[in-house]
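Heads up: the structure comes next, in structure tokens.
What follows is calculated from the coordinates using simple rules that are stated; it is not laboratory data. Only a predicted model underlies this, so the values are computations on that prediction, with no experimental measurement involved. No Cβ is skipped: glycine too gets one built from the backbone with ideal geometry, and neighbour counts run over all protein chains shown.
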Amino acid sequence: MEQRFEALRKKFSLPTLKELETMFEVSIKDDHLVLQNIRNEVASKLYEISKTLESMVFTHEGSDPEILYEFEMIKDDLKDCYNLYKELNHLYFKALRLKHEHSKDKDVEYIKDLIKKWPSIESRLKAIFGKIENGWKNFEFSPNNLPETYHG
């Protein structure tokens, strides 16, 4: 099944398909568009994470209470959240641009670059989401701790 990718993997010194699927938690179809499939699946994952961060960092009066509480949990880390949000969107839009360039070499370059950056991105995500997880674990609701911007 992984015959098509295996030739590309050897040619471009890429990790195995299973390693990529595990690293990014995506399922990748090994067909004649396997590099594009990797790029597209990973881009979708980046978009999903970016949107999660976006809702927490760019709160507004109409934000759900859940998001307003989460904003409070990460407000000391907003600069890193903004930088991470920016980096994820940069990588996402680069993938969208590459989708229209139809270049295996550029797809490989993108994948390799992302593989190098991913451990740092993932570590920062774990720290932020861990902080929110602990915030919810220790959260105690009372009418006195409603977020100030909530007017519900």
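Taking a ≥ b ≥ c as the square roots of the eigenvalues of the Cα gyration tensor, an a/c ratio of 1.5 or more together with a/b larger than b/c marks region 37-152 as prolate.
Spin-label pair residue 137-residue 104: with each label point 7 Å from Cα along the Cα-Cβ axis, the two points sit 4.7 nm from one another. With θ taken as phi - 60° and the Karplus curve 6.51 cos²θ - 1.76 cosθ + 1.60 applied, the whole-hertz 3J(HN,Hα) list for region 71-84 is 4, 4, 5, 10, 4, 6, 10, 4, 4, 5, 4, 4, 5, 5 Hz, x standing for glycine and proline. Our summary gives region 68-152 a relative contact order of 63 percent, counting only alpha carbon pairs under 8 angstrom and 6 or more residues apart.
Mean-square fluctuations from a GNM of the chain, with a 10 angstrom spring cutoff on Cα atoms, peak among 19, 48, 87 at 19. Phi angles of region 135-143 translate, via the Karplus equation with coefficients 6.51, -1.76, 1.60 and θ = phi - 60°, into HN-Hα couplings of x, 6, 4, 9, 5, 10, 6, 7, x Hz per residue; Gly and Pro are given as x.
Under the 0.36 nm per residue contour assumption, what length would be gained going from the current alpha-carbon distance of residue 64 and residue 112 to full extension? Answer, rounded to one decimal: 13.5 nm. Highest mobility in the GNM of the chain, judged by mean-square fluctuation with C-alpha springs under 10 Å and restricted to 127, 43, 95, is found for 127.
Computed over the chain, the per-residue total of -39500 (n - 2.57) for DSSP H runs of n ≥ 4 gives a 222 nm mean residue ellipticity of -24000 deg cm²/dmol, rounded to 500.
Largest GNM mean-square fluctuation among 83, 138, 40, using the chain with Cα springs under 10 Å: 138. Mean sequence separation of contacting Cα pairs (under 8 Å, at least six apart), scaled by the length of the chain, corresponds to a relative contact order of 27 percent.
Along region 88-94 the Karplus relation, 6.51 cos²θ - 1.76 cosθ + 1.60 evaluated at θ = phi - 60°, assigns HN-Hα couplings of 4, 5, 4, 5, 5, 6, 5 Hz to successive residues, with x for each Gly and Pro. Compared with the direct C-alpha span, the chain from residue 32 to residue 97 gains 21.4 nm at full extension, assuming 0.36 nm per residue.
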